[in-house]
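The values are calculated or read from the model by the stated rules, or taken from the named source; none is laboratory data. Everything quoted here is computed from the prediction, not taken from an experiment. Don't worry about glycine lacking a Cβ; one is built from the backbone with ideal geometry, like all the others, and counts go over all protein chains shown.
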Amino acid sequence: MTIALACRLGYRRSSSLYCRFHSTYVKRTRYMFELKEDDDACQQAYNSGSFFLFHNLSPFVQQKGETYWAPKINAAELKRVLEKFRQSEERIEDSMLVGCSDECTPYFALDLGSLERSAIESELNGSFTELRKAFFQLEKEDVSLISTAQALLHWHDNNQYCCKTGQPTTKNLAGSKRVCHSSGIIYYPQMSPVVITLVSDGRRCLLIRQASFPKGMYSALSGFCDVGETLEETVRREVAEEVGLEVESLWYSASQHWPFPNSSLMIACHALVDPQRSEISINSQELEAARWFSHEEVVKALGRAPKPSKEKDESLSFWVPPKQAIAHQLIQEWVKKQDSLPD
């Protein structure tokens with residue numbers, strides 16, 4: 001009996017292999033591993049799987065009132081849609097494995113960019129929505145799966161040739177890798193590490209604006225890791241480069257996959273600077289603005305809806321990234337820490 005079959009049947013034995021499936025997480029992880037490594041198992045999983053649809057990297061969503069969700073299309077329905085639009089069932093093999101349920105129902109993503117967008121939207125009663133908009137409207141589970149799906153679809157679309165031989169590469173059915181059969185090189189999807197840091201002097205926190213931000217929004221400072229750097233070195237360098245401050249201590253908070261503009265791993269940290277040496281010197285090539293904010297100001301900003309400021313000085317009624325962004329989590333953590341300090 002294969003791991004996949006045992007997983008789907010909830011099979012239990014006294015042997016150590018099957019006892020490990022008592023954990024739902026282990027069960028899902030082992031099943032996903034098998035689908036990534038075994039094309040035959042993945043081929044079979046297409047028939048029991050559910051599919052997220054995309055059109056030129058825009059996810060398909062449906063709306064009821066103020067609620068948005070990304071519907072999971074079953075295999076039978078997907079085959080019906082492909083047949084109606086005169087597409088071969090083999091198009092399913094262009095799908096990417098993006099996850100599975102606790103019951104080991106595999107989730108795939110398929111981009112139908114070659115078909116007429118409006119016709120598919122009409123057929124399935126929904127719309128293909130730009131990812132950034134969908135990201136802030138969907139439920140947390142859907143956001144994670146949709147982000148993974150878009151990142152994989154984008155990576156495969158941009159890595160169809162071997163960088164050494166120039167020959168076409170071929171994806172495995174799960175989409176977990178591409179292979180150049182001419183050179184034997186295996187390519188795996190990648191994402192770029194980025195540190196995002198909330199700087200504090202003990203009583204205030206520093207927030208910044210980039211020119212690309214929506215009007216009125218301030219956030220934590222961020223930057224890509226350079227080759228050869230540790231995370232700690234990146235934090236210290238970015239703070240020094242962008243606002244001219246020297247970090248005395250720092251600590252890790254959490255991480256988040258961030259699909260904008262391409263796939264990044266956001267590594268969130270807090271950093272402390274000396275309040276006696278807290279004068280900001282902005283790097284105008286990187287930032288539009290940066291300033292210190294008090295606890296009271298930040299609490300008010302957390303209570304504001306994300307919308308452009310009407311003030312001439314945006315810092316007077318600024319807002320912070322929404323709760324789906326890890327910058328929001330950093331700011332919330334800082335506020336809670338300040339609340340716990342003695343007066």
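Restricting Glu297, Glu314 to those that are outside the structural domain of Leu138 (by TED's automatic domain parsing), surrounded by 15 or more Cβ atoms within 10 Å (Cβ to Cβ) and modelled with pLDDT of 95 or more reduces the list to Glu297.
Take Glu246 and tell me if it is loosely packed, with under 14 Cβ neighbours inside 10 Å and either in contact with a strand residue (DSSP E or B) (Cβ under 8 Å, 6 or more places away or on another chain) or at pLDDT below 95 (or both). It is true that Glu246 is loosely packed, with under 14 Cβ neighbours inside 10 Å and either in contact with a strand residue (DSSP E or B) (Cβ under 8 Å, 6 or more places away or on another chain) or at pLDDT below 95 (or both). Does Cys42 meet the test of being in contact with a Lys or Arg (Cβ under 8 Å, 6 or more places away or on another chain), part of a helix (DSSP H, G or I), at pLDDT 95 or above and not acidic (Asp, Glu)? Criteria met by Cys42. Take the residues in region 28-63 that are under 23 Å from the mean Cα position of the chain (by Cα) and of a type in the set (A, V, I, L, M), then tell me which one is farthest from Ile92 (Cα to Cα). The residue in question is Val61. If you check Gln150 against the conditions, is it touching a Leu at 6+ places or on another chain (Cβ under 7 Å), touching a residue at least 60 places away in the same chain (Cβ under 8 Å) and under 30 Å from Ala305 (Cα atoms)? For Gln150, the condition - touching a Leu at 6+ places or on another chain (Cβ under 7 Å), touching a residue at least 60 places away in the same chain (Cβ under 8 Å) and under 30 Å from Ala305 (Cα atoms) - is met.
More than 30 Å from Leu341 (Cβ to Cβ), modelled with pLDDT under 95 and among the aromatic types (Phe, Trp, Tyr) - does that describe any residue in region 259-270? Yes, region 259-270 has at least one match.
Within this structure, Glu66 fails the test of being surrounded by fewer than 17 Cβ atoms within 10 Å (Cβ to Cβ) and at pLDDT 95 or above.
In region 50-60, which residues are in contact with a Lys or Arg (Cβ under 9 Å, 6 or more places away or on another chain) and either at pLDDT below 95 or surrounded by fewer than 23 Cβ atoms within 10 Å (Cβ to Cβ) (or both)?
Taking region 50-60 first, the residues in contact with a Lys or Arg (Cβ under 9 Å, 6 or more places away or on another chain) are 50-52, 55-56, 58.
Once the filter is applied, which keeps residues that are in contact with a Lys or Arg (Cβ under 9 Å, 6 or more places away or on another chain) and either at pLDDT below 95 or surrounded by fewer than 23 Cβ atoms within 10 Å (Cβ to Cβ) (or both), region 50-60 yields Ser50, His55, Asn56, Ser58.
Of everything listed in (1) in contact (Cβ under 8 Å) with a residue 60 or more places away in the chain; (2) in a strand (DSSP E or B), the single unmet condition for Ile120 is (2). Pairing each residue of region 38-60 that is not assigned by TED's automatic domain parsing to the domain that holds Gly126 with any residue that is buried (at least 19 other Cβ atoms within 10 Å of the Cβ), provided the two are 6+ apart or on different chains, yields no C-beta distance under 8 Å. Among the conditions (1) closer than 26 Å to Gln256 by Cβ; (2) not assigned by TED's automatic domain parsing to the domain that holds Gln63, the only one that Leu173 does not satisfy is (1).
The set of residues from region 105-131 being more than 16 Å from Gln87 (Cα to Cα) and either modelled with pLDDT under 95 or polar (S, T, N, Q) (or both) comprises Thr105, Ser118, Ser122, Asn125, Ser127, Thr129, Glu130, Leu131.
Annotation note: Cβ proximity below 9 Å between a residue of region 246-262 that is within 30 Å of Glu130 (Cβ to Cβ) and a residue that is exposed (fewer than 13 other Cβ atoms within 10 Å of the Cβ) (sequence gap 6+ or interchain) occurs for Pro259/Arg132; Phe260/Arg132; Asn262/Asn158; Asn262/Ser192. Among the residues of region 42-96, the ones that are under 26 Å from Lys177 (Cβ atoms) and touching a Pro at 6+ places or on another chain (Cβ under 6 Å) come to 3 in all.
Of the residues that sit in region 246-264 and are touching a Leu at 6+ places or on another chain (Cβ under 9 Å) and not in a strand (DSSP E or B), which one is farthest from Ser212 (Cα to Cα)? Looking at residues that are touching a Leu at 6+ places or on another chain (Cβ under 9 Å) and not in a strand (DSSP E or B), I get Ser263.
Residues that are among the small types (Gly, Ala, Ser) and within 23 Å of the chain's Cα centre (by Cα) within region 196-222 comprise Ala211, Ser212, Ser219, Ala220, Ser222, listed in sequence order. Please work out if Arg277 is out of contact with any Pro (no Cβ under 9 Å at 6 or more places or on another chain), touching a residue at least 24 places away in the same chain (Cβ under 8 Å), basic (Lys, Arg) and over 30 Å from Leu153 (Cβ atoms). So Arg277 passes the test.
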